[in-house]
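The values are calculated or read from the model by the stated rules, or taken from the named source; none is laboratory data. The structure displayed is predicted, hence computed values, not measured ones. Here Cβ is always computed from backbone atoms with ideal geometry, including for glycine, and neighbour counts include all displayed protein chains. Surface areas here come from the heavy atoms of the whole protein model, side chains and all, with no ligands, DNA or RNA. Shrake-Rupley method; radii C 1.70, N 1.55, O 1.52, S 1.80 Å.
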Amino acid sequence: MINIAVLGYGTIGSGVVEIVEKNQSILQKETRQSVEVKYILDIREFPGSPIEDKLVHDFGVIVNDPDVQVVVETMGGLEPAYTYAKAALMAGKAYVTSNKELVAKYGAKLLTLAKEKDTNFLFEASVGGGIPIIRPLNRCLTGDAIEEISGILNGTTNYILTQMTEEGWTFEDALKDAQAKGYAEFHPEADIEGHDARRKIAILGSLAVGRQIDFEDVYTEGITKITPEDISYAKALQCKIKLLGTYKQVGEDYYAMVTPKLVPLSQPLSGVSGVYNSIYVKGNMVGDVMFYGQGAGKLPTASAVVADVIDASTHLDRYIGPAWDEEKLILSDLSHFEQRVFVRMKDTVDSKKVQEIFGHITPVKADVAGEYAFVTDATKEKEMKEKLDMFEELIGYIRMA
Ligand code: HSE
């Protein structure tokens, strides 16, 4: 029998307990034994609940119980998760987590420890919720050099942008609704300022290159400045505004960023609506691969956790993790990155000056009064910012995907 302990009985933790019960016959078939939740660790009491007899408040009970083979952590945050992860791995137990903060910061370190102890540190649910993306990167696309990963990695912001586009909702109303539905982080700034997506692209990029990309190095902008006028221009441009996390290798340069982008309707990522996430991967041999599914929510995320529990249970004494070294990858300065940009200026701007500074541009017409809007040709980020700085009439800009 496999005994698991679940740390944190919140949305995802309770989903894990539910799936282990409901899909017990599947778990038994996959692992060839029964999988039981022996302990649930939480600071709260749950009087009268069916989980009451499994509830513990002391992690020591779990880490010192030799019958627990797999520890599942769904608490989020760096501490005490990091301390628990180290202790569990040191004790030779497999550690499965949905905690992207933990994985982005200490993933490489914890994988090294798991390898030393012939056990596993698995984190499928940390990126893309229920979408299989970590395992495909680790086990399926391993014969390829990964040249690019671009994804809608945050369900809350995608939901907000979708509601603003399709229903004409304000940013604030859409955010409140996302919070009520349980998609948003406890502190919604993590979603709307792009920090959640930043950690996720750092994890995916690290797996792609096999080295540590520090999430703090990833250039990040959120969606708080996106306005209904931007949405009108996006429609005029036959585009959707999406918050994209991007990792890209260009020759010897490695770039990573999270920014809102105008994605043409002809690109599949534009069709990803609501809380759904999608990730595009480009391998040097396989070409283009797409992943799509629910990136947040109780059962989709718990489903990915349970898949890891099965994987951990069937590889109790054998490391199956990725080649993600602790050696840091220095990302290239984004100022050299080349892209087209959509620009909004007050219509008092001298259009001849715009053309002189930007060279060839494509004007954009939308139902917005008092403005002059256009798309530039591909320009390096640094050059583009220097040019934009020359105009006090500048209202805003969005990069094109
Ligand atoms: N707040 C996150 C999101 C949850 O909206 O995608 C899943 O990581």
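Assorted remarks:
- In terms of its alpha-carbon gyration tensor, segment 238-314 comes out oblate; a/c meets the 1.5 threshold, while b/c is at least as large as a/b.
- Accessible area in square angstrom per residue, segment 139-218, 1.4 angstrom probe: 39 Å²
- Sequence of Asp42, Asp350, Asp253 from largest to smallest accessible area, 1.4 Å probe: Asp350, Asp253, Asp42
- Mean Cβ neighbour count within 10 Å, used as a protection proxy, ranking 101-107, 166-172 highest first: 101-107, 166-172
- Toward the positive end of the charge dipole of segment 185-282, with +1 on the Cβ of Lys and Arg and -1 on the Cβ of Asp and Glu, the farthest Cα among Ser270, Tyr233, Leu207 is that of Ser270.
- Under 25 Å between alpha carbons - lysine pairs in segment 1-145 that sit 8 or more apart or on different chains: 28
- Extension gain for Asp67-Gln355 works out to 96.5 nm (0.36 nm per residue, less the C-alpha to C-alpha distance).
- Cα-centre dipole for the chain with unit charges at Cβ (Lys and Arg positive, Asp and Glu negative), debye to 20: 720 debye
- Summary value for the chain: 19 percent relative contact order, contacts being C-alpha pairs under 8 angstrom separated by 6+ residues.
- Amide H contacts under 5 Å for Ala184: Gln179, restricted to partners 5 or more places along the chain or on a different chain, H placed in the peptide plane at 1.01 Å from N.
- On the chain, 49 percent of the accessible area sits on carbon and sulfur atoms, based on a 1.4 Å probe.
- Which of His360, His315 is most accessible, then next, and so on - probe 1.4 Å: His360, His315
- For Ser232, solvent-accessible area (1.4 Å; no DNA, RNA or ligand), Å²: 50 Å²
- Inter-label distance for Asp253 and Thr227, nm, one decimal - labels placed 7 Å from Cα along Cα-to-Cβ: 3.1 nm
- Overall shape: oblate for segment 27-181, with the ratio a/c of the largest to smallest alpha carbon gyration tensor axis at 1.5 or above and b/c at least equal to a/b.
- Surface accessible to a 1.4 Å probe, per residue, for the residues of segment 49-112, Å²: 38 Å²
- Between Ile51 and Asp214, the FRET efficiency estimated from the beta carbon spacing at R0 = 22 angstrom works out to 0.05.
- Annotation for segment 356-401: GluC sites (Glu not before Pro) lying in DSSP loop with at most 10 further Cβ atoms inside 10 Å of their Cβ are Glu392.
- Debye equation applied to the C-alpha atoms of the chain, log10 I(q)/I(0) at 0.08, 0.12, 0.15 Å⁻¹: -0.46, -0.93, -1.31
- DSSP-defined antiparallel bridges as percent of all bridges, the chain, nearest 5: 65 percent
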